[in-house]
Amino acid sequence: MGISDFIVLVDLICQPIIGWLCDLNNMKSSLGKRIRTLRTSAAFSLKRLAKTLRIDRAHLSRIESGQVIPSEKLLHRLCKTLRGDYEELSVLAGRLPEDIRYIFNSRPKEVCDFVRDQFSSLTDHNGDGNGYLSTGNGNGNGNGHPKYRVIDLFSGAGGFTLGMTKTGRFASVFANDFNDWSVRTYNRNFGPHCVGGDITALLGRKDFEFPKADVVIGGPPCQGFSLLNKKRRGDPRKQLWAAYMEVVKRVEPKAFVMENVPELLNSGEFEAIKDMARKLGFEIAHGILNAADYGVPQRRRRAIIMGVRGRKPSLPAPTHCDPAKMGRNGGLFLNPWEGVRSAIGDLPPPEGTEIRTDRVAPPMDLHFGRTPTAKSIARYKCIPEGGNRFDLQRKRPDITPDCWIRKTNGGTDLFGRLWWNKPAFTIRTEFYKPEKGRYLHPAQNRPITHREAARLQSFPDDFMFEGSKIQAAIQIGNAVPPLLGQRIAEALLVHLDAVHARPEPLSYALT
């Protein structure tokens, strides 16, 4: 069968599903709600239907409330009894009908790409919280739509700004960071409008005024909330959210997006952030996003708080999925996670041991190695793909550090080797030290390089980092993955465009 015949076949099969999903997207439907509607239309009580199906009433109640998904056999019986459409309910259950499943299994990428094209116009224009379906093309050029001005606080190198500007709809007008090398990197890549220094000092200056902007983004330092910080109580870095929100109050933007570690959402500070945002006129959406679910070849979980004035926002819907969950509820028409190979598989072995910005063209400017000892190399050789320190201890206890031998549990990523076909784990600021995490190259006996870490963060090769090896590593590890930032920006655009279509006075005061 030729590719044209294949596309026609997929088109014929997928169009009914696409119609259902368009309708479901508008109605906020779900499997449980649909079954309940069919039951009430057929004049069945919960008790009577359960008895007819010979199942427990509590089980049927859990199905209708969305807690469990019925088996295929039970779904067939439900459809027969209630005269429901089996294919419709199968899609709602996260399962493909058998004939479509066959085509997915035979040509999964082509089918996913085709169906995703059919969905390209499905966005959350009604602001009803259903999420935003990204077309993922990243080629936004405005197309006559307004361009929005952005302020990036605690900007670091500018990963979040890069993601915003990649849409073609946002322009950076101001940024601030305390680290001088991050400021230099930002200004090199986006223009000279990143100001260095303490944000609280800027707020205290009577001669300084923030420029007007439509959006404020940024991530107040997260160490105060992080589980890695053993002294979280009383850490002054936990209070920098207040400085961030003070800028939001003064600038009066249409929207803001705050990024942080997941622990923020379980803190008292989060409640204070929500309270202040509401007093300023914002409606809030929040959640924990995994960068791998948005095409970044890295599992990195971050808390995102999005606020929009006068409109309920929604966070971006995933574009990718854990391959182990493909085909389950919520995993339809998503790409599998990107693996490490997709990001760094084309790179040659590293050269030299020093950063070579402005002397060697990318990607080799940041693709340099280290000078490990013979013992370190012997340790690296003990770790298979996906292995960790326990493999070293099993094979060569004589060169295993005593502290690891004494620690018999936990730390399964320490001295770990990456998998080619899985995303990396969180890229932190000391990714060049294998003893700090899963940072060994999947095949070569060395830690990943700065270029590899930058690519795993989704930075393009032409993004230039200023400073020493250590300073560049800090900027790479602390950055918001640009691709995650772009997906957030795409979701935000839906709401900003709606607000722009009906502008309202933007003067709010705390009472």
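Observations
- Residue check for residue 309: among the basic types (Lys, Arg), in contact with a Pro (Cβ under 9 Å, 6 or more places away or on another chain) and within 28 Å of residue 413 (Cβ to Cβ): no
- As a summary of the residue check, residue 364 satisfies the conditions (1) buried (at least 20 other Cβ atoms within 10 Å of the Cβ); (2) at pLDDT 90 or above except for the one numbered (1).
- Index of the failed condition, residue 213 passing every other in (1) within 20 Å of residue 241 (Cβ to Cβ); (2) surrounded by fewer than 22 Cβ atoms within 10 Å (Cβ to Cβ): (2)
- Residues in the range 42-66 that are in contact (Cβ under 8 Å) with a residue 24 or more places away in the chain and either within 22 Å of residue 91 (Cβ to Cβ) or charged (D, E, K, R) (or both): 42, 49, 53, 63, 64, 65, 66.
- Restricting 158, 136 to residues that are at positive phi and either modelled with pLDDT under 95 or outside the structural domain of residue 488 (by TED's automatic domain parsing) (or both) narrows the list to 136.
- Residues of the range 421-442 classified as surrounded by fewer than 23 Cβ atoms within 10 Å (Cβ to Cβ), in a loop (DSSP other than H, G, I, E, B) and touching an Asp or Glu at 6+ places or on another chain (Cβ under 7 Å), total: 3
- Residue check, residue 389 touching a Leu at 6+ places or on another chain (Cβ under 6 Å) and either crowded, with 19+ Cβ neighbours inside 10 Å or without any contact (Cβ under 8 Å) to a residue 12 or more places away in the chain (or both): yes
- Counting only residues that are in contact with a Gly (Cβ under 9 Å, 6 or more places away or on another chain), among the aliphatic types (A, V, I, L, M) and without any contact (Cβ under 8 Å) to a residue 24 or more places away in the chain, the range 341-386 holds 1 of them.
- Among the conditions (1) in a helix (DSSP H, G or I); (2) in contact with a Lys or Arg (Cβ under 8 Å, 6 or more places away or on another chain); (3) modelled with pLDDT of 90 or more, residue 89 misses just one, which is (3).
- Hits in the range 378-427 (condition: under 25 Å from residue 320 (Cβ atoms) and of a type in the set (Ser, Thr, Tyr)): 412, 426
The values are calculated or read from the model by the stated rules, or taken from the named source; none is laboratory data. Because the structure is a prediction, the values reported are computed rather than measured. All Cβ positions, even for glycine, are placed from backbone atoms using ideal geometry, and neighbour counts span all protein chains on display.
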